[in-house]
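Everything below concerns the one structure shown next.
The values are calculated or read from the model by the stated rules, or taken from the named source; none is laboratory data. Because the structure is predicted, anything quoted here is derived from the model rather than measured. When we count neighbours, we look across all protein chains shown, and the Cβ atoms used for this are built from the backbone with ideal geometry, even at glycine.
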Amino acid sequence: MSPALQLIAEWPLSPSATLGSAMRAKGIEREVRARLPWAVRKHVKAETGRIVLRLPKSETEAFKAASAQISRTLEGVEALPVLPREVEDVLTISSRERHKWLKDGRLRSIGTRTVKMRGRSKSVTFHVFDPRHIEDILDRDLATVWREQDVQEVADNRRRGAGKAALTRAGKRPGKAGVARNAGDADGPRPRLKGWEAFEDEGLLR
């Protein structure tokens, strides 16, 4: 439809509202649409840096009512909770990382939301997040820090596992070593295994 035949209103979306995420902007669009009559919802769009309402000039009353409702909805849009997919888009993280960091407390939930998804018989419940918390993680690049910590944790766990496996193998080795251990148990302190100092120096038991 030609702009000359339309009523048009725009509302700016600040970076603190969208967190630089197109997915977050679409989430705000859905939130705005949910508060409007069905006939008007499709006429609201999230565009770059703004929310736009376009209606035919013949729909003056509907335009006024929708404009007022959109203005009210957007008053507190910076505080609108961040949804899981939006968190992943804002921080550029995977679903696995989001679940892990939520579980260990690095990502802090502010509660849950339950919705019935289209085409599903059951409702879905998920965690939502404070936008200022997500913004802080983004500004401090904590996702990169946490990812590096996770890599180091995996390496440490593998090293400890290798140390335990080596110790188990050494303890089960048959032959003279087993005889020596039995003799030590009976007559005095257990002798140290050959090369034990080097084994400890490698840090395999830490």
Candidate set: the stretch 113-161, residues that are over 14 Å from the mean Cα position of the chain (by Cα) and part of a strand (DSSP E or B); chosen: the one nearest to LEU83 (Cα to Cα) = ARG113
Having 2 or more residues that are crowded, with 16+ Cβ neighbours inside 10 Å is the bar; report the helices (runs of 4 or more DSSP H) wholly within the stretch 1-99 that clear it.
-> 15-18, 22-34, 60-74, 84-91
Hits in the stretch 117-131 - residues which are surrounded by 10 or more Cβ atoms within 10 Å (Cβ to Cβ) and in contact (Cβ under 8 Å) with a residue 12 or more places away in the chain | PHE126, HIS127, VAL128, PHE129, ASP130, PRO131
Taking the stated definitions as given, is ARG24 touching a Pro at 6+ places or on another chain (Cβ under 7 Å) and touching a residue at least 40 places away in the same chain (Cβ under 8 Å)?
-> no
Between residues in the stretch 145-174 that are on the phi < 0 side of the Ramachandran plot and residues that are aromatic (Phe, Trp, Tyr) and assigned to a helix (DSSP H, G or I), which pairs lie under 8 Å by C-beta distance while being six or more apart or on different chains?
-> TRP146/TRP101; ALA166/PHE199
Looking at (1) touching a residue at least 12 places away in the same chain (Cβ under 8 Å); (2) out of contact with any Leu (no Cβ under 9 Å at 6 or more places or on another chain), find the lone condition where VAL44 falls short.
-> (2)
Of these, ILE137, ILE70, which one is more than 20 Å from ARG30 (Cα to Cα) and of a type in the set (A, V, I, L, M)?
-> ILE137
Mind telling me which of the residues SER67, SER58 ends up being assigned by TED's automatic domain parsing to the domain that holds ARG41, more than 14 Å from ALA9 (Cα to Cα) and free of Cβ contacts under 8 Å to residues at least 60 places away in the same chain?
-> SER58
